[in-house]
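Asks: Attaching a single structure in structure tokens format; questions to follow.
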Ligand SMILES: Nc1ncnc2c1ncn2[C@@H]1O[C@H](COP(=O)(O)OP(=O)(O)OP(=O)(O)O)[C@@H](O)[C@H]1O
Ligand SMILES: [Mg+2]
């Protein structure tokens, strides 16, 4: 503890934190170029633009949007164009008024958090933008959560609001980020401002791409010689199962911490293995802890019936759910309520439930586990249910 030498493999551990944005995002040139192309009219003619960034977990959507906005702001400054940006996490802010409040707070940090209607807040925001002659890019991260909870009216309000020009200028551009297809969640009026061609896809990273991402981050975070190529490779390999860069970076940080705990001078492959086991459980923990008992039982049923299968059907799951309830002396919910539980899990992004699928006809719903291996999930949920009893 606190030993005097204070030796560490880390040179700068902050570069591994979740909100650190690297100078350059590896293998995201195509997405960056498309963003630049879409948003060029802000610079050239003060016209508002919109984009949707879509892709699965840890594919760099949030990081790319931040890097893009920072670069855009800087580029604007050089050309005497005031451009500013703000990112709202819609998982934390999932009502119209709390989203708009955060945007208002961008210019007025002390703005009171109650007592103003949405229309009033929009008027105030507009005054701020006019006064500063600034074009604001609003990034709605995890936008699907907001759209599901509050509908797409807010998109309409923000884009229309931006369209009322003053001196030929528009004031607000939007970037929507989501793992799911948010275009499907927009009403006709909002969808018309979001062209389909404005969707930018973020694919899962391949093993080779992850190697570059891990090597870049390792170079920033660790002392020279503290991490070898074989350790980089195995981190990338561990994460390539999902193509998830966040998981890779988490494993990297945990491996460094394990190396420090042992007082090792170099990160070994064993540290990476240990880190993987820890990272697995923390990722699942954050997704699963908000679930209530019957949601957990339903998920347990999905995990059990999914082992070794690409997908399962509602019928399989409902049977397994009844068994799971019986085991724990819980009264199983009736069919309709069970349906609701499955929908909840889909909404929370733990599973995907879609009407029919390849090789399946009619109205069957196909349920797939996302991101988490069935066996790991089953163990985790069982442990959580046991802890609750
Ligand atoms: N191409 C990349 N180059 C360097 N680092 C990256 C790259 N893509 C992602 N990262 C890093 O990986 C982590 C996860 O990325 P990010 O948060 O952008 O993912 P996301 O697509 O928003 O995921 P989620 O849907 O779960 O929010 C961040 O630390 C980010 O800096
Ligand atoms: Mg994100």
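Nothing in this text is a laboratory measurement; each read-out follows from the coordinates by a stated rule. Since the model is a prediction, treat every value here as computed from it, not as a measurement. Neighbour counts run over all protein chains shown; Cβ positions are idealised from the backbone, glycine included.
Asks: Please work out whether the chain counts as rounded, prolate or oblate from its C-alpha gyration tensor, where a ≥ b ≥ c are the square roots of the eigenvalues and a/c under 1.5 means rounded, while otherwise a/b larger than b/c means prolate and anything else oblate?
Replies: oblate
Asks: Let me ask something else about it. Would you mind getting me the FRET efficiency between residue 379 and residue 130? Use the beta-carbon distance for r and R0 = 56 Å, nearest 0.05.
Replies: With a Förster radius of 56 Å, E is 0.50.
Asks: How high is the FRET efficiency between residue 117 and residue 343 when r is their beta carbon distance and R₀ equals 30 Å, given to the nearest 0.05?
Replies: My answer for the efficiency is 0.40.
Asks: How much of the pair distance distribution for the range 29-202 lies past 28 Å, counting alpha-carbon pairs only, in percent?
Replies: The share of Cα pairs beyond 28 Å in the range 29-202 comes to 16 percent.
Asks: Only Cα pairs under 8 Å and at least 6 apart count here; give the relative contact order of the range 86-238 as a rounded whole percent.
Replies: Working: 152 pairs, mean separation 32.8, N = 153.
About 21 percent, as a whole number.
Asks: Follow-up question, since we're still on this one. Can you list the residues of the range 257-282 with backbone N under 15 Å from a point 7 Å past the Cα of residue 20, pointing along Cα to Cβ?
Replies: Residues 257-258 fall inside that zone.
Asks: Could you pull the Cα extents of the range 208-292 along its three principal axes, largest to smallest, in whole Å?
Replies: 46, 30, 19
Asks: How would you order 209-215, 91-97 from highest to lowest mean count of nearby Cβ atoms within 10 Å? Numbers along the way, then the final one.
Replies: Numbers: 209-215: 21.6, 91-97: 15.7.
Highest-to-lowest ranking by the protection proxy: 209-215, 91-97.
Asks: Can you tell me which of 115-122, 138-145 comes out highest on packing, and rank the rest after it, using the mean Cβ neighbours within 10 Å?
Replies: Result, highest mean first: 138-145, 115-122.
Asks: Percent relative contact order of the chain, based on C-alpha pairs within less than 8 angstrom and at least six residues apart?
Replies: 17 percent.
Asks: Right, next: Which percent of Cα-Cα pairs in the range 55-134 sits in each 10 Å bin, short to long?
Replies: Percent of pairs per bin, in order: 16, 38, 33, 12.
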